[in-house]
1. Go through LYS367/LYS521; LYS658/LYS807; LYS209/LYS768; LYS429/LYS521; LYS455/LYS521; LYS472/LYS508 and tell me which ones have a Cα-Cα distance over 31 Å in this structure.
2. At what distance in angstrom do the alpha carbon centres of the stretch 237-263 and the stretch 482-518 lie from each other?
3. Starting from the Cα-Cα distance between ASP277 and GLN443, subtract it from 0.36 nm times their residue separation and give me the gain in nm to one decimal.
4. Add +1 for every Lys or Arg and -1 for every Asp or Glu among the other residues with Cβ under 13 Å from the Cβ of VAL514, and state the total.
5. Starting from 0.36 nm per residue, how many nanometres of slack lie between THR533 and ARG561 once their C-alpha separation is accounted for?
6. Give me, ordered by chain and number, the residues 5 or more places off SER198 or on other chains with an amide H under 5 Å from its own placed amide H.
7. If you take the charge dipole of the stretch 610-868 about its Cα centre, with +1 on Lys and Arg Cβ and -1 on Asp and Glu Cβ, which of PHE667, TYR776, LEU617 is farthest toward its positive end?
8. When the Cα centres of the stretch 270-294 and the stretch 614-644 are compared, how far apart do they sit, in Å?
Amino acid sequence: MTLIRLVVHRSDTHRREPSSVALLYHILSLSPTLGAHQRQVSNPWLCQPLGKLFGRHQGDVVIGGLFPLHYLATDPQNTYKTQPSNTQCHGFDLRAFRWMMTMVFAVEEINRHSALLPGVRLGYRILDSCDLVHTSLRGVLSLVTRKGSGVNTERATDGRTPGCLAGAPVPAVIGLASSTPTEAVAQTLGPFAIPLVSYFATCTCLSNKLSYPSFLRTVPSDYFQVRGLVQLVSHFGWRWVGVVGTPDDYSHYNIHAFTQQLQEQGGCVAFHLTIPDSPSQAVLRAMADTLLSARARVVVAFSTEGQLLEFFCEVILNVTGIQWVASEAWISASLLTTPQFQPLLEGTLGFALRGAIISGLREFMLKIRPSHTPGSEFINMFWEEVFGYSGGSNGIRLTPVCSGLEDLGNIMSSYTNASRVRISYNVYKAVYAIANALHQLLQCDSSGQSQTQGKCNTSSTYTPRQLLRYLKMVNFTNHFGEKVQFDANGDPVPLYEIINWQKDNMGKIWLRTVGSFDGSKPIVRRLQMEDSTIVWTGRQSEVPLSLCSPPCPPGSRQAHRPGEPPCCYDCLPCPDGEISNQTGTHYYWSDSDRVKCVAGIEDFLSFYDTMGVVLVLLSLVGVVTTTGITAIFHRFRATPIVKANNSELSFLLLLSLKLCFLCSLLFIGRPSEWACGFRQAAFGVSFVLCLSCLLVKTIVVLVAFKDISPGSSNLTKLFGPPQQRLLILCTTAPQVCLCAGWLSMAPPFPFRNSSIQGLTGMVLLECKERWPPGFYLVLGYIGLLASLCLLLAFLGRKLPDTFNEAKLITFSMLIFCAVWISFIPAYVSSPGKFTVAVEIFAILASSFGLLVCIFAPKCYIILLRPDRNNKQST
């Protein structure tokens, strides 16, 4: 027998999170065992229990469990003058009870076999979270603060004395189902490194390991579900979509991400309805009116079935013809598949978690029986719910006809429907993941033929932190052929099934798989659909249309409505002499004779344009000239004039100038994702490296002059080559970090611009900045270095001829600053592709200015006046 201790918390829906003061008050008022919150059965059962009962057998390792066995609760009214009263839960959730029983089944299955944890028996303590923040915290604090140890110090039934876990009573907790309570519990357990493995909390926010370091889950993150839903919506051409959610973290994060990604794909969100915590009839009616008046025929709902129940009860009265797209939170829920909702929800399409048929689970669940034995409270509540018995104020009262022989197999409910389970399968995987981690932690050897012959190091002590480390490294393939492992964020491989609600001839809704989504594959291969098998809302045979405006027919053109989303436009007839011969004509203008519509010409600075050819030639001339000067300096590197001007800095400066010439080529050609992002970074880093070399050169000149002044110390040794290299690195690194951050967070992207004044009939292909301040910060840092270099060079302009490189740097920096100061107004005012040409011209002009001013006088002496290339002249 395996221990199950069932402590009941009666509560209500997670309609409103308690304030931080109230939450703290609840936590501080906890008793170590929560014994006062147990549901006591004062009246004995009139019927005797049959079959196996869950006794109080202690396991060697006890796993905690938190399940939302109730989904309705009233908000606690706290006066902060007395100890908070117990939250009364109601609304027994049969599906959550099946999740709990799956955990029991998985533990007993592991205990029956010796493949995992031979010689070690697992136990469990399961609490009702009521799907509330404060009851979930109470439950988890009861699990981790209870006196005792996770590996029991009591003797087991076989006489062995198992090892003792130092610290918490349970080394790991399985839970919870909702994201908001999970966040609170995960933040509580995180500092103590106690693993929390969730089976249904999908919020992307929980992947943040800084906030939730000990959180893992067997359900995929909503990051992939949202991407999949956007891909699904785009697959069917739905561009005008409504969204429905609730005021919790699950809906907030998902709807925000869905809206952003849909807009990037060219779609628009028609409306966003938020179901309040306690909606009044007037609010629900107003929301239904919004649905009825909206032109969106497709609505995506991010919520649970319990939260949608009241909303759908109101909507079903007036609204039809909506194609509902469901998140994984309610697509597989049977609560909404009843005949009452079928006119509204038949044909629903959505993402479901991967399911499995767990052998023996249904038979195991049908064996349970009620009892007055302590530890059977949840089973008794379940029996009340299924067979309609009522509970008294002092305990549970059954009608005299109760015999205990009631057959669960004759009851059709979400509990007995275990043919293909999904959330239960995630619970099952969570138990096995913890068992595999314990197997590795205890250095178990499964070579024995029975549990008594197995080898596990049960005498050693361990901490939850050690178990967490092994849990993160779990990697095994279960007997369903699925690989169970966690990535760096504690998330599993994102696998989904696309489910369609289809009604059979008997009037029952069946969940039919019509596609799949694998987040681990390349984007184009993630979504696989069988469109021909889908039944749409209202049993339509064609894919529903959901557009703000229909495609413009031949003979008309699109005209966007001011102040409305891009998906909304008017179709205006072509003026006299103009035509359009395609549906959905866009980017079309009339020809010069105004007798037909012609497609807009894509315009960008091409390698084949005259301007593009000239700029490419100038760039290549710069590269060749820089290469030639580098060769000359290398050939005459031993001569006094090269040595006197710091040959190492000169070569690095020539390299940076070559990069400046080459980066201008990235601005020419058809814009692409990589070119738009890489060209600004290459430009910014190349010029900063160039200016850093000039800055160090200037400082070397000033230090050298100061060093030979009467009474000066030996400054040259203090600013030698190592210090020079370090200064170049320190001045270049900020620009590298700035560019990296800018491009990783908000990189420029290709954009088709058809609204440039004076360019009618042209569609300009350009790189659009998602965050324009990023470009100006790059320019600003270049300007800062240029100004500093100019200032120092100006201070050394009157030094003796021996140090006349300061004059050359001063003159070159004056040209550099003049070019870039004039660049700003020219860049802002230039239309179309001339904007790019202006930037390329500024890059080339400033690069040539630096190259000629700094190196031309030296090359003149080296090649034409070798008589001056001596120590006396330098």
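1. Numbers: LYS367/LYS521 42 Å; LYS658/LYS807 23 Å; LYS209/LYS768 33 Å; LYS429/LYS521 22 Å; LYS455/LYS521 40 Å; LYS472/LYS508 42 Å.
Check vs 31 Å cut-off fails for LYS367/LYS521; LYS209/LYS768; LYS455/LYS521; LYS472/LYS508.
2. Their Cα centres are 20 Å away from one another.
3. On the way: separation 166, 0.36 × 166 = 59.76 nm, distance 4.89 nm.
Full extension from ASP277 to GLN443 adds 54.9 nm.
4. Numbers: positive: ARG512; negative: GLU497, GLU530, ASP531.
Summing Lys and Arg as +1 and Asp and Glu as -1 gives -2.
5. Numbers: separation 28, 0.36 × 28 = 10.08 nm, distance 3.78 nm.
That works out to 6.3 nm of additional length.
6. The answer is GLY175, LEU216, ARG217, THR218.
7. Value computed over the given set: LEU617.
8. Their Cα centres are 71 Å away from one another.
Taken together, the values in this text are just the output of simple stated rules run on the coordinates, not laboratory data. These figures come from a predicted structure and were not determined experimentally. With ideal geometry, Cβ positions are generated from the backbone for all residues, glycine too; neighbour counts draw on all protein chains shown.
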